[in-house]
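The next block holds one structure in the form of C-alpha coordinates; read it before the comments.
The values are calculated or read from the model by the stated rules, or taken from the named source; none is laboratory data. Nothing here was measured: the structure is a model prediction, and the numbers come from that model. A quick note on method: Cβ atoms are made from the backbone with ideal geometry, for glycine too, and the neighbour counts reach across all protein chains shown.
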2 protein chains.
Amino acid sequence: MVISLRTVLHGETLFRAGDRFEAMFQVWTGFFKAVVATSRGREQVTGFQMAGDLMGFEGIDSGLHGVDAIALEDSQVCVIPYANLEALGREVPPLQRHLHRTMSREILSDHDAMLRLGSMHSEQRVAAFLLSLSDRLRKRGFSASSLVLRMSREEIGSYLGLKLETVSRTFSKLQARGLLFVRQRQIQITDPAGLRHVLDGATV
Amino acid sequence: MVISLRTVLHGETLFRAGDRFEAMFQVWTGFFKAVVATSRGREQVTGFQMAGDLMGFEGIDSGLHGVDAIALEDSQVCVIPYANLEALGREVPPLQRHLHRTMSREILSDHDAMLRLGSMHSEQRVAAFLLSLSDRLRKRGFSASSLVLRMSREEIGSYLGLKLETVSRTFSKLQARGLLFVRQRQIQITDPAGLRHVLDGATV
DNA sequence: CGGGACATTGACTTACTTCAAAACTCGTGG
DNA sequence: CCACGAGTTTTGAAGTAAGTCAATGTCCCG
(Lines give C-alpha, C1' and ligand atoms only; values in the text may rest on other atoms or scores of the structure.)
Protein backbone atom coordinates (compact mmCIF):
# COMPACT_ATOMS: atom_id res chain seq x y z
CA MET A 1 0.00 0.00 0.00
CA VAL A 2 1.72 3.10 -1.26
CA ILE A 3 0.49 6.41 0.05
CA SER A 4 2.86 9.24 -0.63
CA LEU A 5 3.04 12.92 0.14
CA ARG A 6 3.39 15.54 -2.56
CA THR A 7 4.24 19.21 -2.37
CA VAL A 8 2.47 21.75 -4.58
CA LEU A 9 3.71 25.31 -4.55
CA HIS A 10 1.53 28.41 -4.66
CA GLY A 11 0.09 28.81 -8.15
CA GLU A 12 1.03 25.32 -9.26
CA THR A 13 -1.42 22.79 -10.63
CA LEU A 14 -1.95 19.46 -8.86
CA PHE A 15 -3.94 18.03 -11.76
CA ARG A 16 -5.78 19.38 -14.76
CA ALA A 17 -9.15 18.59 -16.31
CA GLY A 18 -8.47 15.89 -18.89
CA ASP A 19 -5.53 14.36 -17.01
CA ARG A 20 -5.80 10.66 -16.45
CA PHE A 21 -7.44 9.87 -13.15
CA GLU A 22 -5.22 7.59 -11.16
CA ALA A 23 -5.42 8.92 -7.67
CA MET A 24 -7.35 11.12 -5.32
CA PHE A 25 -5.69 13.65 -3.08
CA GLN A 26 -6.27 14.69 0.48
CA VAL A 27 -5.12 18.15 1.47
CA TRP A 28 -2.61 17.89 4.28
CA THR A 29 -1.58 21.51 4.57
CA GLY A 30 -2.43 24.48 2.39
CA PHE A 31 -5.33 25.60 0.25
CA PHE A 32 -6.65 24.77 -3.23
CA LYS A 33 -9.26 25.87 -5.71
CA ALA A 34 -11.07 23.63 -8.21
CA VAL A 35 -11.90 25.14 -11.59
CA VAL A 36 -14.00 23.91 -14.50
CA ALA A 37 -13.43 25.43 -17.91
CA THR A 38 -15.02 25.20 -21.33
CA SER A 39 -13.21 25.07 -24.64
CA ARG A 40 -14.42 28.62 -25.25
CA GLY A 41 -12.49 30.00 -22.29
CA ARG A 42 -15.36 30.27 -19.84
CA GLU A 43 -14.27 29.42 -16.28
CA GLN A 44 -15.93 28.71 -12.98
CA VAL A 45 -14.44 28.02 -9.57
CA THR A 46 -16.44 25.09 -8.19
CA GLY A 47 -14.88 24.86 -4.77
CA PHE A 48 -12.09 25.61 -2.33
CA GLN A 49 -10.32 22.81 -0.47
CA MET A 50 -8.46 23.01 2.80
CA ALA A 51 -6.82 20.58 5.26
CA GLY A 52 -8.62 17.25 5.34
CA ASP A 53 -10.64 17.81 2.17
CA LEU A 54 -10.51 15.21 -0.57
CA MET A 55 -10.02 16.20 -4.21
CA GLY A 56 -10.23 14.41 -7.50
CA PHE A 57 -13.07 11.92 -7.18
CA GLU A 58 -15.04 13.66 -9.90
CA GLY A 59 -12.70 11.72 -12.23
CA ILE A 60 -13.81 8.23 -11.21
CA ASP A 61 -16.53 7.95 -13.82
CA SER A 62 -14.71 8.88 -16.99
CA GLY A 63 -11.20 8.02 -15.83
CA LEU A 64 -10.25 11.62 -16.53
CA HIS A 65 -10.16 14.50 -14.10
CA GLY A 66 -12.98 16.98 -14.53
CA VAL A 67 -11.45 20.06 -12.93
CA ASP A 68 -8.14 21.85 -12.53
CA ALA A 69 -6.84 21.75 -8.95
CA ILE A 70 -4.63 24.76 -8.26
CA ALA A 71 -2.77 25.58 -5.04
CA LEU A 72 -3.59 29.00 -3.58
CA GLU A 73 -0.63 28.71 -1.21
CA ASP A 74 2.26 26.30 -0.74
CA SER A 75 0.58 23.01 0.10
CA GLN A 76 1.07 19.34 0.76
CA VAL A 77 -1.30 16.62 -0.32
CA CYS A 78 -1.56 12.96 0.44
CA VAL A 79 -1.75 10.89 -2.74
CA ILE A 80 -4.32 8.08 -2.61
CA PRO A 81 -4.15 5.77 -5.65
CA TYR A 82 -7.67 4.78 -6.58
CA ALA A 83 -6.82 1.14 -7.27
CA ASN A 84 -5.49 0.78 -3.75
CA LEU A 85 -8.52 2.47 -2.31
CA GLU A 86 -10.89 0.21 -4.15
CA ALA A 87 -9.13 -2.95 -3.01
CA LEU A 88 -8.62 -1.74 0.53
CA GLY A 89 -12.22 -0.55 0.74
CA ARG A 90 -13.39 -4.09 0.17
CA GLU A 91 -11.45 -5.32 3.17
CA VAL A 92 -12.14 -2.37 5.40
CA PRO A 93 -15.82 -1.44 5.19
CA PRO A 94 -15.47 1.77 7.25
CA LEU A 95 -13.03 3.11 4.65
CA GLN A 96 -15.49 2.29 1.91
CA ARG A 97 -18.19 4.05 3.79
CA HIS A 98 -15.94 7.03 4.38
CA LEU A 99 -15.46 7.49 0.64
CA HIS A 100 -19.19 7.27 0.05
CA ARG A 101 -19.85 9.83 2.73
CA THR A 102 -17.23 12.19 1.40
CA MET A 103 -18.64 12.05 -2.09
CA SER A 104 -22.16 12.51 -0.83
CA ARG A 105 -21.00 15.52 1.18
CA GLU A 106 -19.48 16.98 -1.95
CA ILE A 107 -22.81 16.56 -3.73
CA LEU A 108 -24.63 18.31 -0.90
CA SER A 109 -22.19 21.17 -0.95
CA ASP A 110 -22.58 21.48 -4.73
CA HIS A 111 -26.33 21.69 -4.23
CA ASP A 112 -25.78 24.52 -1.77
CA ALA A 113 -23.65 26.23 -4.36
CA MET A 114 -26.43 25.84 -6.92
CA LEU A 115 -28.90 27.35 -4.49
CA ARG A 116 -26.60 30.33 -3.97
CA LEU A 117 -25.92 30.77 -7.67
CA GLY A 118 -29.48 30.25 -8.76
CA SER A 119 -31.53 32.19 -6.29
CA MET A 120 -29.56 34.57 -4.09
CA HIS A 121 -28.58 38.22 -4.36
CA SER A 122 -25.00 39.32 -4.10
CA GLU A 123 -25.19 40.11 -0.38
CA GLN A 124 -26.64 36.74 0.44
CA ARG A 125 -24.07 34.93 -1.68
CA VAL A 126 -21.21 36.71 0.02
CA ALA A 127 -22.72 36.19 3.48
CA ALA A 128 -23.19 32.48 2.75
CA PHE A 129 -19.63 32.23 1.49
CA LEU A 130 -18.14 33.86 4.57
CA LEU A 131 -20.26 31.92 7.03
CA SER A 132 -19.41 28.64 5.37
CA LEU A 133 -15.71 29.46 5.28
CA SER A 134 -15.77 30.57 8.89
CA ASP A 135 -17.50 27.36 9.88
CA ARG A 136 -15.00 25.18 8.06
CA LEU A 137 -12.12 26.99 9.73
CA ARG A 138 -13.72 26.68 13.14
CA LYS A 139 -14.10 22.94 12.68
CA ARG A 140 -10.37 22.78 12.05
CA GLY A 141 -9.56 24.62 15.24
CA PHE A 142 -9.05 28.09 13.76
CA SER A 143 -10.82 31.26 14.72
CA ALA A 144 -14.30 31.53 13.26
CA SER A 145 -14.33 35.31 13.42
CA SER A 146 -10.91 36.33 12.19
CA LEU A 147 -9.91 34.96 8.81
CA VAL A 148 -7.39 35.55 6.09
CA LEU A 149 -8.74 34.85 2.62
CA ARG A 150 -6.48 32.72 0.49
CA MET A 151 -8.23 33.66 -2.72
CA SER A 152 -8.59 36.86 -4.73
CA ARG A 153 -11.80 38.85 -5.20
CA GLU A 154 -11.92 37.48 -8.72
CA GLU A 155 -11.78 33.88 -7.49
CA ILE A 156 -14.50 34.55 -4.93
CA GLY A 157 -16.52 36.20 -7.70
CA SER A 158 -16.10 33.23 -9.98
CA TYR A 159 -17.22 30.88 -7.24
CA LEU A 160 -20.25 33.05 -6.44
CA GLY A 161 -21.19 33.97 -10.00
CA LEU A 162 -20.34 37.64 -9.49
CA LYS A 163 -17.73 40.05 -10.87
CA LEU A 164 -14.81 40.99 -8.64
CA GLU A 165 -16.07 44.58 -8.38
CA THR A 166 -19.41 43.34 -7.08
CA VAL A 167 -17.66 41.17 -4.48
CA SER A 168 -15.59 44.14 -3.34
CA ARG A 169 -18.59 46.46 -3.20
CA THR A 170 -20.56 43.87 -1.25
CA PHE A 171 -17.80 43.50 1.32
CA SER A 172 -17.82 47.27 1.73
CA LYS A 173 -21.59 47.34 2.08
CA LEU A 174 -21.58 44.64 4.77
CA GLN A 175 -18.80 46.48 6.55
CA ALA A 176 -20.74 49.74 6.44
CA ARG A 177 -23.58 47.88 8.11
CA GLY A 178 -21.29 46.82 10.91
CA LEU A 179 -21.44 43.10 10.18
CA LEU A 180 -17.76 42.66 9.47
CA PHE A 181 -14.48 44.41 9.03
CA VAL A 182 -12.52 44.09 5.79
CA ARG A 183 -8.98 45.09 5.07
CA GLN A 184 -7.84 43.50 1.82
CA ARG A 185 -7.78 39.77 2.57
CA GLN A 186 -8.13 40.16 6.33
CA ILE A 187 -11.73 39.64 7.41
CA GLN A 188 -13.18 40.08 10.90
CA ILE A 189 -16.70 38.82 11.29
CA THR A 190 -18.03 41.08 14.01
CA ASP A 191 -21.70 40.12 13.82
CA PRO A 192 -22.19 36.51 12.65
CA ALA A 193 -25.85 36.55 13.68
CA GLY A 194 -26.37 39.64 11.54
CA LEU A 195 -24.66 37.94 8.62
CA ARG A 196 -26.90 34.92 9.05
CA HIS A 197 -29.82 37.30 9.03
CA VAL A 198 -28.67 38.74 5.70
CA LEU A 199 -28.34 35.22 4.35
CA ASP A 200 -31.87 34.40 5.42
CA GLY A 201 -33.13 37.09 3.14
CA ALA A 202 -33.55 40.20 5.25
CA THR A 203 -33.71 43.24 3.00
CA VAL A 204 -32.45 45.39 5.90
CA MET B 1 -31.44 -9.34 -1.09
CA VAL B 2 -34.65 -7.37 -1.27
CA ILE B 3 -35.08 -5.02 -4.16
CA SER B 4 -38.59 -3.83 -4.62
CA LEU B 5 -40.46 -1.66 -7.05
CA ARG B 6 -42.44 1.38 -5.99
CA THR B 7 -44.96 3.51 -7.81
CA VAL B 8 -45.01 7.29 -7.42
CA LEU B 9 -47.82 9.22 -9.02
CA HIS B 10 -47.50 12.57 -10.75
CA GLY B 11 -46.96 15.28 -8.16
CA GLU B 12 -46.19 12.85 -5.34
CA THR B 13 -43.03 12.92 -3.27
CA LEU B 14 -40.69 9.93 -3.24
CA PHE B 15 -38.67 11.29 -0.33
CA ARG B 16 -38.19 14.64 1.34
CA ALA B 17 -35.14 16.50 2.58
CA GLY B 18 -34.76 15.49 6.22
CA ASP B 19 -36.25 12.03 5.75
CA ARG B 20 -34.10 9.22 7.07
CA PHE B 21 -31.84 7.85 4.37
CA GLU B 22 -32.34 4.13 4.10
CA ALA B 23 -32.34 3.48 0.41
CA MET B 24 -31.44 4.86 -2.96
CA PHE B 25 -33.79 4.75 -5.89
CA GLN B 26 -33.31 4.06 -9.54
CA VAL B 27 -35.87 5.47 -11.92
CA TRP B 28 -37.51 2.67 -13.85
CA THR B 29 -40.12 4.62 -15.74
CA GLY B 30 -41.16 8.25 -15.45
CA PHE B 31 -39.53 11.53 -14.56
CA PHE B 32 -38.47 13.29 -11.34
CA LYS B 33 -37.13 16.60 -10.12
CA ALA B 34 -34.83 17.10 -7.13
CA VAL B 35 -35.35 20.25 -5.08
CA VAL B 36 -33.34 21.83 -2.27
CA ALA B 37 -35.07 24.31 -0.01
CA THR B 38 -34.08 26.62 2.81
CA SER B 39 -36.01 27.27 5.96
CA ARG B 40 -36.87 30.70 4.58
CA GLY B 41 -38.75 29.26 1.63
CA ARG B 42 -36.07 29.68 -1.00
CA GLU B 43 -36.08 26.79 -3.49
CA GLN B 44 -33.84 25.50 -6.22
CA VAL B 45 -34.29 22.58 -8.59
CA THR B 46 -30.94 20.79 -8.62
CA GLY B 47 -31.68 18.18 -11.25
CA PHE B 48 -34.09 16.15 -13.32
CA GLN B 49 -33.97 12.35 -13.27
CA MET B 50 -35.22 9.96 -15.92
CA ALA B 51 -35.08 6.22 -16.62
CA GLY B 52 -31.89 4.68 -15.29
CA ASP B 53 -30.88 7.62 -13.13
CA LEU B 54 -30.08 7.03 -9.49
CA MET B 55 -31.50 9.28 -6.78
CA GLY B 56 -30.89 9.74 -3.11
CA PHE B 57 -27.19 9.14 -2.56
CA GLU B 58 -26.72 12.72 -1.36
CA GLY B 59 -28.10 11.33 1.94
CA ILE B 60 -25.29 8.86 2.62
CA ASP B 61 -23.19 11.29 4.63
CA SER B 62 -25.66 12.62 7.14
CA GLY B 63 -28.07 9.69 7.06
CA LEU B 64 -30.78 12.15 6.02
CA HIS B 65 -31.95 12.98 2.55
CA GLY B 66 -30.80 16.35 1.29
CA VAL B 67 -33.40 17.03 -1.37
CA ASP B 68 -37.07 16.48 -2.12
CA ALA B 69 -37.63 14.02 -4.98
CA ILE B 70 -40.92 14.73 -6.73
CA ALA B 71 -42.45 12.85 -9.64
CA LEU B 72 -43.25 14.99 -12.68
CA GLU B 73 -45.31 12.16 -14.16
CA ASP B 74 -46.52 8.78 -12.98
CA SER B 75 -43.34 6.84 -12.32
CA GLN B 76 -41.87 3.63 -11.03
CA VAL B 77 -38.65 3.37 -9.10
CA CYS B 78 -36.50 0.49 -7.99
CA VAL B 79 -35.76 0.67 -4.26
CA ILE B 80 -32.16 -0.15 -3.34
CA PRO B 81 -31.59 -0.41 0.41
CA TYR B 82 -28.21 1.08 1.20
CA ALA B 83 -27.24 -1.62 3.70
CA ASN B 84 -27.70 -4.26 1.01
CA LEU B 85 -25.74 -2.25 -1.48
CA GLU B 86 -22.84 -1.81 0.88
CA ALA B 87 -22.63 -5.51 1.68
CA LEU B 88 -23.16 -6.62 -1.87
CA GLY B 89 -20.63 -4.11 -3.16
CA ARG B 90 -17.95 -5.79 -1.08
CA GLU B 91 -18.60 -9.09 -2.80
CA VAL B 92 -19.16 -7.72 -6.27
CA PRO B 93 -16.48 -5.14 -7.09
CA PRO B 94 -18.10 -4.01 -10.36
CA LEU B 95 -21.20 -2.99 -8.42
CA GLN B 96 -19.08 -1.01 -6.01
CA ARG B 97 -17.36 0.68 -8.87
CA HIS B 98 -20.70 1.41 -10.51
CA LEU B 99 -21.85 3.35 -7.46
CA HIS B 100 -18.61 5.32 -7.37
CA ARG B 101 -18.95 6.17 -11.01
CA THR B 102 -22.56 7.21 -10.66
CA MET B 103 -21.75 9.54 -7.78
CA SER B 104 -18.78 10.98 -9.60
CA ARG B 105 -20.98 11.57 -12.65
CA GLU B 106 -23.45 13.41 -10.46
CA ILE B 107 -20.64 15.64 -9.18
CA LEU B 108 -19.55 16.40 -12.74
CA SER B 109 -23.06 17.26 -13.74
CA ASP B 110 -23.41 19.52 -10.71
CA HIS B 111 -20.22 21.30 -11.77
CA ASP B 112 -21.75 21.84 -15.20
CA ALA B 113 -24.79 23.29 -13.51
CA MET B 114 -22.58 25.64 -11.50
CA LEU B 115 -20.85 26.75 -14.68
CA ARG B 116 -24.22 27.50 -16.27
CA LEU B 117 -25.54 29.30 -13.21
CA GLY B 118 -22.39 31.23 -12.53
CA SER B 119 -21.25 32.42 -15.89
CA MET B 120 -23.81 32.06 -18.66
CA HIS B 121 -26.49 34.32 -20.08
CA SER B 122 -30.08 33.21 -20.33
CA GLU B 123 -29.79 32.06 -23.96
CA GLN B 124 -26.76 29.95 -23.21
CA ARG B 125 -28.36 28.42 -20.14
CA VAL B 126 -31.46 27.45 -22.06
CA ALA B 127 -29.41 26.13 -24.99
CA ALA B 128 -27.28 24.07 -22.62
CA PHE B 129 -30.37 22.73 -20.90
CA LEU B 130 -32.04 21.66 -24.13
CA LEU B 131 -28.91 20.11 -25.61
CA SER B 132 -28.25 18.15 -22.46
CA LEU B 133 -31.84 16.96 -22.24
CA SER B 134 -31.84 16.02 -25.91
CA ASP B 135 -28.62 14.07 -25.43
CA ARG B 136 -29.95 12.16 -22.44
CA LEU B 137 -33.09 11.24 -24.35
CA ARG B 138 -31.08 10.14 -27.37
CA LYS B 139 -28.98 7.84 -25.18
CA ARG B 140 -32.20 6.20 -24.04
CA GLY B 141 -33.34 5.58 -27.57
CA PHE B 142 -35.71 8.53 -27.93
CA SER B 143 -35.62 11.21 -30.56
CA ALA B 144 -32.97 13.83 -29.93
CA SER B 145 -34.78 16.48 -31.92
CA SER B 146 -38.38 16.14 -30.86
CA LEU B 147 -39.03 16.33 -27.15
CA VAL B 148 -41.87 16.82 -24.75
CA LEU B 149 -40.87 18.69 -21.62
CA ARG B 150 -42.02 17.09 -18.42
CA MET B 151 -41.46 20.21 -16.35
CA SER B 152 -43.03 23.66 -16.25
CA ARG B 153 -41.33 26.91 -17.25
CA GLU B 154 -41.02 27.71 -13.59
CA GLU B 155 -39.18 24.45 -12.87
CA ILE B 156 -36.83 25.02 -15.78
CA GLY B 157 -36.29 28.54 -14.51
CA SER B 158 -35.50 27.35 -11.02
CA TYR B 159 -33.00 24.86 -12.40
CA LEU B 160 -31.36 27.52 -14.58
CA GLY B 161 -31.49 30.38 -12.11
CA LEU B 162 -33.98 32.35 -14.23
CA LYS B 163 -37.59 33.46 -13.82
CA LEU B 164 -40.25 31.63 -15.79
CA GLU B 165 -40.92 34.70 -17.94
CA THR B 166 -37.27 34.81 -18.95
CA VAL B 167 -37.33 31.13 -19.88
CA SER B 168 -40.42 31.69 -21.99
CA ARG B 169 -38.95 34.76 -23.68
CA THR B 170 -35.73 32.91 -24.37
CA PHE B 171 -37.54 30.00 -26.00
CA SER B 172 -39.35 32.51 -28.21
CA LYS B 173 -36.10 34.26 -29.09
CA LEU B 174 -34.39 31.00 -30.05
CA GLN B 175 -37.44 30.08 -32.11
CA ALA B 176 -37.39 33.44 -33.87
CA ARG B 177 -33.81 32.69 -34.81
CA GLY B 178 -34.87 29.40 -36.37
CA LEU B 179 -32.98 27.16 -33.96
CA LEU B 180 -36.03 25.40 -32.61
CA PHE B 181 -39.76 25.26 -32.63
CA VAL B 182 -41.74 25.65 -29.39
CA ARG B 183 -45.36 24.98 -28.75
CA GLN B 184 -46.00 24.86 -25.02
CA ARG B 185 -44.11 21.77 -23.84
CA GLN B 186 -43.49 20.41 -27.31
CA ILE B 187 -39.99 21.26 -28.50
CA GLN B 188 -38.49 20.60 -31.91
CA ILE B 189 -34.78 21.23 -32.15
CA THR B 190 -34.39 22.16 -35.78
CA ASP B 191 -30.79 23.37 -35.67
CA PRO B 192 -28.76 21.60 -32.96
CA ALA B 193 -25.49 22.93 -34.38
CA GLY B 194 -26.84 26.45 -34.12
CA LEU B 195 -27.89 25.82 -30.54
CA ARG B 196 -24.42 24.54 -29.75
CA HIS B 197 -23.09 27.70 -31.32
CA VAL B 198 -25.26 29.80 -29.01
CA LEU B 199 -24.00 27.77 -26.07
CA ASP B 200 -20.41 28.39 -27.10
CA GLY B 201 -20.99 32.07 -26.62
CA ALA B 202 -21.85 33.46 -30.02
CA THR B 203 -23.59 36.81 -29.59
CA VAL B 204 -25.31 36.29 -32.96
C1' DC C 1 -68.34 24.19 -22.27
C1' DG C 2 -66.21 26.53 -18.54
C1' DG C 3 -62.57 27.13 -15.13
C1' DG C 4 -57.96 26.77 -13.50
C1' DA C 5 -53.27 26.13 -14.37
C1' DC C 6 -49.76 27.24 -17.36
C1' DA C 7 -47.48 30.07 -21.06
C1' DT C 8 -46.64 34.22 -23.69
C1' DT C 9 -45.87 39.03 -24.35
C1' DG C 10 -45.29 44.02 -23.13
C1' DA C 11 -43.76 48.06 -20.35
C1' DC C 12 -41.10 49.42 -16.70
C1' DT C 13 -37.58 48.80 -12.86
C1' DT C 14 -33.43 47.18 -10.80
C1' DA C 15 -29.30 44.60 -9.51
C1' DC C 16 -25.38 43.64 -11.40
C1' DT C 17 -21.87 44.53 -15.02
C1' DT C 18 -18.78 47.36 -17.59
C1' DC C 19 -15.51 50.75 -18.10
C1' DA C 20 -12.41 53.78 -15.93
C1' DA C 21 -9.57 55.82 -12.43
C1' DA C 22 -7.38 56.01 -8.01
C1' DA C 23 -5.34 53.67 -3.84
C1' DC C 24 -3.27 50.04 -1.53
C1' DT C 25 0.29 45.97 -1.04
C1' DC C 26 4.36 43.84 -1.65
C1' DG C 27 8.55 42.26 -3.66
C1' DT C 28 12.84 43.85 -6.12
C1' DG C 29 16.61 46.34 -7.15
C1' DG C 30 18.85 50.91 -7.30
C1' DC D 1 16.07 52.31 2.85
C1' DC D 2 13.23 54.06 -0.35
C1' DA D 3 11.30 54.09 -4.98
C1' DC D 4 9.34 51.73 -8.55
C1' DG D 5 6.01 48.86 -10.80
C1' DA D 6 2.98 44.94 -11.25
C1' DG D 7 -0.90 42.98 -9.32
C1' DT D 8 -4.84 43.60 -6.62
C1' DT D 9 -8.60 46.12 -4.40
C1' DT D 10 -11.69 49.93 -3.94
C1' DT D 11 -14.86 53.27 -5.68
C1' DG D 12 -17.58 55.96 -9.16
C1' DA D 13 -20.64 56.65 -13.24
C1' DA D 14 -23.09 54.79 -17.02
C1' DG D 15 -25.07 50.75 -19.45
C1' DT D 16 -27.74 46.39 -19.78
C1' DA D 17 -29.67 41.76 -18.96
C1' DA D 18 -32.88 39.93 -16.37
C1' DG D 19 -36.59 40.73 -12.90
C1' DT D 20 -41.22 42.50 -11.74
C1' DC D 21 -45.83 43.56 -12.56
C1' DA D 22 -49.71 43.01 -15.33
C1' DA D 23 -52.61 41.68 -19.15
C1' DT D 24 -53.78 38.31 -22.60
C1' DG D 25 -53.70 33.77 -24.66
C1' DT D 26 -53.71 28.69 -24.64
C1' DC D 27 -54.53 24.14 -23.14
C1' DC D 28 -56.53 20.57 -20.54
C1' DC D 29 -59.66 18.11 -17.51
C1' DG D 30 -63.75 17.67 -15.36
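Worth a mention:
- Residue in segment B:66-75 that is without any contact (Cβ under 8 Å) to a residue 60 or more places away in the chain, more than 10 Å from every other protein chain (Cβ to nearest Cβ) and surrounded by fewer than 17 Cβ atoms within 10 Å (Cβ to Cβ) present: no
- Residue match in segment A:94-101 (condition: surrounded by fewer than 17 Cβ atoms within 10 Å (Cβ to Cβ) and facing another protein chain (nearest Cβ under 8 Å)): yes
Conditions tested, residue by residue: (1) in a helix (DSSP H, G or I); (2) over 13 Å from the mean Cα position of the chain (by Cα).
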{"position": "A:Met151", "(1), (2)": "no, no"}
{"position": "A:Ile156", "(1), (2)": "yes, no"}
{"position": "A:Thr170", "(1), (2)": "yes, yes"}
{"position": "A:Lys173", "(1), (2)": "yes, yes"}
{"position": "A:Gly178", "(1), (2)": "no, yes"}
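- Cβ pairs under 6 Å, 6+ apart, first in segment A:162-188 and at negative phi, second near DNA strand C (Cβ under 8 Å from one of its atoms): A:Leu162/A:Ser122; A:Lys163/A:Gly157; A:Leu164/A:Gly157; A:Thr166/A:Ser122; A:Val167/A:Gly157; A:Thr170/A:Ser122; A:Thr170/A:Glu123
- Some residue of segment B:160-174 being under 21 Å from A:Val67 (Cα atoms) and not assigned by TED's automatic domain parsing to the domain that holds B:Asp61: no
- Every residue from segment A:155-194 that is within 14 Å of chain B (Cβ to nearest Cβ) and either more than 8 Å from DNA strand D (Cβ to nearest atom) or surrounded by 15 or more Cβ atoms within 10 Å (Cβ to Cβ) (or both): A:Glu155, A:Ile156, A:Gly157, A:Ser158, A:Tyr159, A:Leu160, A:Gly161, A:Leu162, A:Lys163, A:Thr166, A:Val167
- Residues (in a strand (DSSP E or B) and under 15 Å from B:Glu73 (Cβ atoms)) located in segment B:8-33: B:Val8, B:Thr13, B:Leu14, B:Val27, B:Trp28, B:Thr29, B:Phe31, B:Phe32, B:Lys33
- Single residue of B:Leu85, B:Leu117 found to be more than 16 Å from DNA strand C (Cβ to nearest atom), buried (at least 17 other Cβ atoms within 10 Å of the Cβ) and either facing chain A (nearest Cβ under 10 Å) or at pLDDT below 95 (or both): B:Leu85
- Conditions (1) assigned to a helix (DSSP H, G or I); (2) over 22 Å from A:Ala71 (Cα atoms); (3) away from every other protein chain (no Cβ under 14 Å); (4) within 16 Å of DNA strand D (Cβ to nearest atom); number of the one not met by A:Ala127: (3)
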